[in-house]
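Values quoted throughout were computed directly from the atomic coordinates according to the rules given, and no laboratory measurement underlies them. Everything numeric here is computed off the predicted structure, so don't read it as measured data. Don't worry about glycine lacking a Cβ; one is built from the backbone with ideal geometry, like all the others, and counts go over all protein chains shown.
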Amino acid sequence: MPEHAFQNLVQVVDRLHRRDGCPWDRALKLKDLRKYILEEAHEVIEAINDNDLVKLKDELGDLLFQVLTCAKLADKKKSFRIEDVLINTKKKMLRRHPHVFGNTRIRHMNDILDNWERIKKDELKNSKDKRAPSIPETLPALAKAELIQKRMSTKDPDPERILNTIKRDLSVLEKEKHSKGSKTLEKTIGRTLFNTVTLARLNKINAECALESFNQSEIKKRRKK
């Protein structure tokens, strides 16, 4: 990596926001960036799904540019700079990898994930901000369900109990399957999906990724017909 590559890109962003810079960039507000960040993140994911590393390099650059622009707009508000973001993230990663930067020993891969979640919960507990953990409203529903469970549950439920709940709800779905627009059907489907996310999480499976993987396999299968 060229020694000053990152700083050079930061300087490009700075130049765009100077008085003699780009009028469009200078007019940006933080809320304007939401759609661009979302678009770029999805394009990064698409490049990964396609295993297209050439495209991934390009899309990561676009996403990074949005991050730098966010930091620049915050800097213009005298809130923080990109250097503060880097310092904060470094501290966080050091703290969350005690098996690398500390004395914590691990026996299995799951120990790393368990430690990560425990440390995040401790951070929230010790935070000056005593509000309930934030759940991003724009997250896809399955991903949001998993985050709710991780951040707002004190302990994991019994998998057998969750499975029994799903089985009971399936019997309700059988009775309501022709009830178009039924609130009971809607609520039961929602609960079944939520509990399915729980079952996936307890088995170290990301429900959002599992569904997307199945979606892609269905698309390929149906295109062949």
Per-residue ³J(HN,Hα) for segment 20-31, Karplus 6.51 cos²θ - 1.76 cosθ + 1.60, θ = phi - 60°, Hz, x for Gly and Pro
9, x, 8, x, 5, 5, 5, 8, 5, 10, 3, 5
Computed about the Cα centre, the charge dipole of segment 141-224 from +1 Lys/Arg and -1 Asp/Glu charges at the Cβ has a magnitude in debye, to the nearest 20, of 280 debye
Rounded to the nearest 10 degrees, what's the angle between the helix 183-202 long axis and the longest principal axis of the chain, both from Cα atoms, 0 to 90?
70 degrees
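Could you give the length gained by full extension between L124 and K76, i.e. 0.36 nm per residue of separation minus their alpha carbon distance, to one decimal place? Let's see the in-between values first.
On the way: separation 48, 0.36 × 48 = 17.28 nm, distance 2.84 nm.
Net length gain for the segment: 14.4 nm.
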Check: the chain dipole with +1 on Lys, Arg Cβ and -1 on Asp, Glu Cβ, in debye
800 debye
Which of (i) 22.3, 67; (ii) 23.0, 76; (iii) 18.6, 63 gives Rg and Dmax of the Cα atoms in Å as computed here? It is (i)
Relative contact order of segment 141-224, pairs being alpha-carbon contacts under 8 Å that are 6 or more residues apart, as %
37 percent
When the charge dipole of the chain is computed with +1 at the Cβ of Lys and Arg and -1 at the Cβ of Asp and Glu, the Cα pointing farthest to the positive end, of F214, V44, A143, is that of A143
Go through 187-194, 21-28 and give me the packing order, highest mean Cβ count within 10 Å leading.
187-194, 21-28
For the residue pair D62 and L170, what label-to-label distance in nm results when each label sits 7 Å from Cα along the Cα-to-beta-carbon direction?
4.2 nm
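What does the highest-first list of 46-57, 199-210 look like by mean Cβ count within 10 Å?
Details: 46-57: 12.2, 199-210: 14.9.
Descending packing order for the listed peptides: 199-210, 46-57.
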Between 0 and 90°, nearest 10: helix 5-16 axis offset from the chain longest Cα axis
80 degrees
Which of the listed residues, L56, N88, A5, is farthest toward the dipole's positive end in the chain, when Lys, Arg count +1 and Asp, Glu count -1 at the beta-carbon?
N88
Go through segment 82-88 residue by residue and turn each phi into a ³J(HN,Hα) via Karplus (6.51, -1.76, 1.60, θ = phi - 60°); whole Hz please, and just put x for glycine and proline.
4, 4, 5, 4, 5, 5, 4
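Where does segment 5-88 land on Rg/Rh, using Cα atoms and the Kirkwood Rh?
Numbers: Rg = 13.7 Å, Rh = 13.7 Å.
Checking Rg against Rh, the ratio lands at 1.00.
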